[in-house]
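Below you'll find the structure, written out as structure tokens, and then a few comments.
The values are calculated or read from the model by the stated rules, or taken from the named source; none is laboratory data. Bear in mind that the values here come from a model prediction, so they are computed numbers and not experimental data. Note that each Cβ is placed from the backbone with ideal geometry, even for glycine, and that neighbours are counted across all protein chains shown. Calculation scope for accessible area: heavy atoms of the full protein, side chains included, ligands and nucleic acids excluded. Shrake-Rupley method; radii C 1.70, N 1.55, O 1.52, S 1.80 Å.
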Amino acid sequence: MTIAHFDSVPFRDIYGDKKGVIEGDFDIQSLSDFLIKYWVSYVECHHCPRENTCKFAIPHPKWEWKKLEIQCGVKSEFIKNFVALTFDEYIGAGSDVQERLLSATYHLSEYAIMSEQQIGWTIDDEWLKNLGTYGKTFLGSIVHLREKLTHAAQDLSYVPNLYRRKPILLVEGQSEKAFLDKLRESHNSWFTDLRTEVYGGNGNAHPRRIQMRLEKYVEDGYTCFMQGDKDGKEKGSFEKLIKQKVVEEKNTFLFDFDFESAIPRKLLLIALHNLDLLLDIDSKVFLEKTDNKSSICIQIKAVFGVDLESYKVQLADEIGWVFNNSEFHWYQDKNKFMEQAELGRFLDFVIKMH
């Protein structure tokens with residue numbers, strides 16, 4: 001029989017407060033029984049909105065409109081299954097990992113029963129009708145269940161071999177986000193589940209503020225990735241964050257100048273034409289009068305008199321639209337776009353985040 005030993009590991013009570021400890025030796029069955037004893041209340045199933053569809057409800061022998069009082073079968077069964085599947089992680093683990101896993105079990109079991117009940121209520125027309133104007137408020141309150149999942153993710157992220165941290169990419173500006181958001185519309189698996197947040201602008205790029213955001217994301221179970229510009233103000237911030245081990249150096253990407261300059265110039269001109277900019281400039285002239293030695297935005301303003309500042313987000317969105325065109329197989333390009341173009345290398349960085 002496989003046994004897990006607990007040495008005064010902090011333990012949540014039925015309200016979620018850590019007011020006790022668990023200690024001693026347990027197997028799968030005894031640990032499940034212990035958790036169910038403390039975490040699962042006795043209920044009369046006829047008070048539950050899922051009474052007519054729940055396989056655990058037991059008819060009352062005397063009154064047909066009632067159900068017997070039992071410990072909730074949904075929550076109990078969830079705990080049994082979760083303990084059985086994760087029990088190996090307790091064996092030989094330190095108290096801190098055991099505490100995290102127990103806490104995650106609590107939060108997920110709470111999510112299981114609360115979501116089950118709320119689904120029952122939301123499909124009960126009569127019950128919703130009786131709520132009157134409060135019905136809409138109740139439907140909106142369903143999103144509060146995410147707190148249970150957030151707490152579980154925070155705990156599971158510290159349990160080896162059990163939870164894979166979700167990547168999150170912090171980008172310097174709205175242009176980079178607009179580009180990646182547009183790629184999401186391609187429904188390509190590389191981008192559909194990508195979470196992108198902007199950290200630059202309005203003083204948000206202050207090193208301490210960035211560090212606090214990153215630490216919160218890590219706490220919530222994410223692996224953080226960052227993008228910036230080598231000649232931008234955030235370069236020093238990157239170095240400081242890496243030194244303090246808030247983000248790994250391999251998880252950072254710096255454009256030589258900026259996002260716009262990373263776009264191959266022929267492709268950039270196509271996007272500019274689509275935005276009705278530089279329509280009288282052909283590809284040959286554009287390539288002759290610009291280069292890759294400085295920010296393309298500065299060059300376009302100096303050479304052609306066009307300030308791209310107010311067009312940056314539109315331009316990024318347009319570039320994303322071009323990439324989503326089924327005829328543009330950028331990831332299979334014979335000219336080695338993913339290796340030789342800076343924008344290609346950035347996309348390679350994003351793809352490998354997963």
Open item on the list: For segment 299-324: of the residues being open to solvent by 30 Å² or more (accessible area, probe 1.4 Å) and polar (S, T, N, Q), which is farthest from the chain's Cα centre (by Cα)?
Closed with: SER310
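Across segment 88-111, what is the total count of residues that are outside any loop (DSSP other than H, G, I, E, B) and open to solvent by 20 Å² or more (accessible area, probe 1.4 Å)?
Taking segment 88-111 as the starting set, the residues that turn out to be outside any loop (DSSP other than H, G, I, E, B) are 88-89, 95-111.
Of the ones still in play, those that are also open to solvent by 20 Å² or more (accessible area, probe 1.4 Å) are 88-89, 95-97, 99-100, 108, 110-111.
Count: 10.
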Open item on the list: Take the conditions closer than 19 Å to ALA302 by Cβ, under 36 Å from the mean Cα position of the chain (by Cα) and among the aromatic types (Phe, Trp, Tyr) and apply them to PHE257. Does it pass?
Closed with: yes
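Which one is farthest from the chain's Cα centre (by Cα) among residues in segment 218-243 that are at pLDDT 75 or above and in a loop (DSSP other than H, G, I, E, B)? Walk me through it before giving the result.
Going residue by residue through segment 218-243, those that are at pLDDT 75 or above are 218-230, 240-243.
In the following step, the residues that additionally are in a loop (DSSP other than H, G, I, E, B) were identified as 220-221, 230.
Numbers: ASP220: 9, GLY221: 8, LYS230: 27 Å.
Top of the filtered list is LYS230.
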Task: Total residues in segment 152-195, condition small (Gly, Ala, Ser), in the same structural domain as ILE210 (by the TED database) and not in a loop (DSSP other than H, G, I, E, B) - done: 2
